Amino acid sequence: MHTLAVVLILLVAALHLYFLTLEMFLWQKPQGLKTFHNTPEKAAATAVLAANQGLYNGFLAAGLLWALTADADLVPRATFFLCCVVVAGAYGAYSVSRRILYVQALPAVLALTALWLSRHQVI
């Protein structure tokens, strides 16, 4: 397994733990309001939805960390969770903000590419 792929997978997992923190714990705080361009009223009205979304981001991070630590082949597990991240990022870019494509989907695409290239020993 190539070091670059592992580092990128760890980066994607860390990003999703950060998203979990923003959405579950900081949604109505100044950092959450600024990050998501919300008003306090809108944040209060959507806090439960944001927390649910944050929980799903935590599941993605947990899956990626599990893929890295499992004794079995990393590639199938990491591929599944990275593809989930890419789909979630693409849908978020379509439905919410194009910025999500770069913040969420692009790092996962890079990790997926490094993972598959390292499997074939291209990099």
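Here are the numbers for this structure:
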| read-out | value |
| --- | --- |
| Check on Leu64, in a helix (DSSP H, G or I) and at pLDDT 95 or above | yes |
| Per-region count, region 87-104, residues under 15 Å from Leu10 (Cα atoms) and surrounded by 20 or more Cβ atoms within 10 Å (Cβ to Cβ) | 1 |
| Qualifying positions in region 74-86 - farther than 14 Å from Ala13 by Cβ and of a type in the set (Gly, Ala, Ser) | none |
| Exclusive hit being of a type outside the set (Phe, Trp, Tyr), in contact (Cβ under 8 Å) with a residue 12 or more places away in the chain and touching a Leu at 6+ places or on another chain (Cβ under 7 Å), set Leu106, Leu4, Leu8, Leu65 | Leu8 |
| Output for region 67-76, where each listed residue is surrounded by fewer than 18 Cβ atoms within 10 Å (Cβ to Cβ) and assigned to a helix (DSSP H, G or I) | Leu68, Thr69, Val75, Pro76 |
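The values are calculated or read from the model by the stated rules, or taken from the named source; none is laboratory data. Keep in mind it's a predicted model, so treat the numbers as computed, not measured. Neighbour counts are summed over all protein chains in view; Cβ atoms, including those assigned to glycine, are modelled from backbone coordinates with ideal geometry.
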